[in-house]
Amino acid sequence: MPRGIVKLFSKRYIAGDRIEDAIATCAHLKNTGFETTLDILGEAISTSTEAAASRDAYINLIQTVSHHPVSKNISLKPTALGLGLDPQLALDNIRAIIQVADEHGFFVRIDMEDSPYTTKTLNIYNTLRQEFPRIGVVIQAYLHRSDADVKAIAATNGNLRICKGIYKEAHDIAFQDKDGVRENYLHLVKTMLKSGAYVGIATHDIYLIDTLEAFIHDQAIPPEKYEFQALLGVPIEARLARLREAGHTVRIYVPFGEQWYAYSSRRLRENPDVAGYVIKNWFKFGQ
C-alpha cells in the first residue's frame, strides 16, 4: 500500500503520535459536545517485556489524562497486553491498568479482536468485573455466537459495546452477508436496551443509527442506559451532530500513537472497502 494513501488514512482517523495530540483532539471534541475514548496504537506483541511496556503506556496515559478536563475513558486490546502469549499474563496486565484507572475514576473498555480470542477475552472481562465496577467489553454482531454472549452479559447487567466486526472470519463462525449482520446487530442492541443493561451502539451505518434512534424513542429508553459511538474521522459528522443535538450521548473512539503506519496498513488490508474510500477521498480532498 503506497505510504501516501496510508498517511492520508492516518491523518483523518488517528489523533497523532503523542499523548498531547490525543488530549488536544479529545478536548476539541469535548468542547463540541462529544465524549471520547482513547486507544494506544500498537502491534501484536511477541514477548512479555513488550506486554509490560504496553501496560506501562496505558498507566502513563491514565495518569496524564487525569489532569485534563476530557473524558476519563480508555479502550485497550488484550493481545497488546499478552493474550496471544498467555491469558494469565494478559489478565495480570489488564488488572494492573484497571487498578490505576479505578483510582483515577476512569472507565476501561476491553476491546474484542478476532474469534480465537473471543472466549479468552470474555473470561478476562468476567473475572475483572467481579473486582472493578467501571469496565466493559465488546461483542461483534457478525459472530453467530454473539446472541448467547449478549444475553449472558445482559443478565449480569454488564456494560457492552456492540459493533459489526471487521476481522475476516469463516462462514461457520460469522455472518457473511450485509443484511444478516444488520439484522443481528439490531437484535443484539435491542436485547441490551430492553434488558436495562448499558450498551454502546458503535456503528457508522446510517440505517442502523436511524432504526435504533427510533426504537429508543418509541420504547422511552432512558438516556443513561446507552450511547452512540463512532470512530474518529468517519464522515458521518452531520448525523452524529444530530444525535448529540437530540440529547443522545455520542462517544468518539480516538486512537493515537507512533505505530500509525503499521496499524493503518493492516486496517486497509483487512478492509478493501476502506482502502477504496481513502483513495476516492484522496482526490476529493485534493491531497
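What follows draws every value from the coordinates through simple rules; no lab data is involved. Because the structure is predicted, anything quoted here is derived from the model rather than measured. FYI the Cβ positions are ideal-geometry reconstructions off the backbone, even for glycines, and counts take in every protein chain you see.
Just need the relative contact order of the chain here, percent rounded to a whole number, with Cα pairs under 8 Å and 6+ apart. Walk me through the intermediate numbers first.
Numbers: 447 pairs, mean separation 72.6, N = 287.
Relative contact order here is 25 percent.
Rounded, prolate or oblate for segment 1-119? Axes are the square roots of the Cα gyration tensor eigenvalues, ordered a ≥ b ≥ c, and the cut-off for rounded is a/c under 1.5. Don't skip to the answer; put the middle values down first.
Values: a/c = 1.95, a/b = 1.18, b/c = 1.65.
Oblate, because a/c is 1.5 or more while a/b does not exceed b/c.
Expressed as a whole number of Å, what is the distance separating the alpha-carbon centroids of segment 151-176 and segment 113-136?
13 Å
Please report, in cubic angstrom per residue, the volume enclosed by the convex hull of the alpha-carbon atoms of segment 80-214.
Working: hull volume 15.0 nm³, N = 135.
Given the Cα convex hull of segment 80-214, per-residue volume reads 111 Å³.
Assuming 0.692 mPa s and 37 °C, estimate D for the chain with Stokes-Einstein, Rh taken as the Kirkwood radius over Cα pairs, in µm²/s. Display every interim value, and only then the final one.
Working: Rh = 19.4 Å.
For these conditions, the coefficient is 169 µm²/s.
Taking the Cα atoms of segment 110-154, report the difference between the largest and smallest coordinate on each principal axis, in whole Å and largest first.
Largest first, segment 110-154 extends 29, 20, 13 Å along its Cα principal axes.
Dipole magnitude of segment 18-257 about its Cα centre, charges +1 at Lys/Arg Cβ and -1 at Asp/Glu Cβ only, in debye to the nearest 20?
Values: 24 positive and 30 negative charges, 85 e Å.
Computed charge dipole of segment 18-257: roughly 400 debye.
Output ³J(HN,Hα) for segment 99-104: one whole-Hz value per residue in order, computed from phi by the Karplus curve 6.51 cos²θ - 1.76 cosθ + 1.60 with θ = phi - 60°, and x for Gly and Pro.
Coupling constants for segment 99-104: 4, 5, 4, 5, 5, 9 Hz.
Summarise the long-distance tail of P(r) for segment 150-275 by giving the % of C-alpha pairs beyond 20 Å. Please report the intermediate quantities before stating the final value.
Details: 3922 of 7875 pairs.
When every Cα pair of segment 150-275 is considered, 50 percent fall beyond 20 Å.
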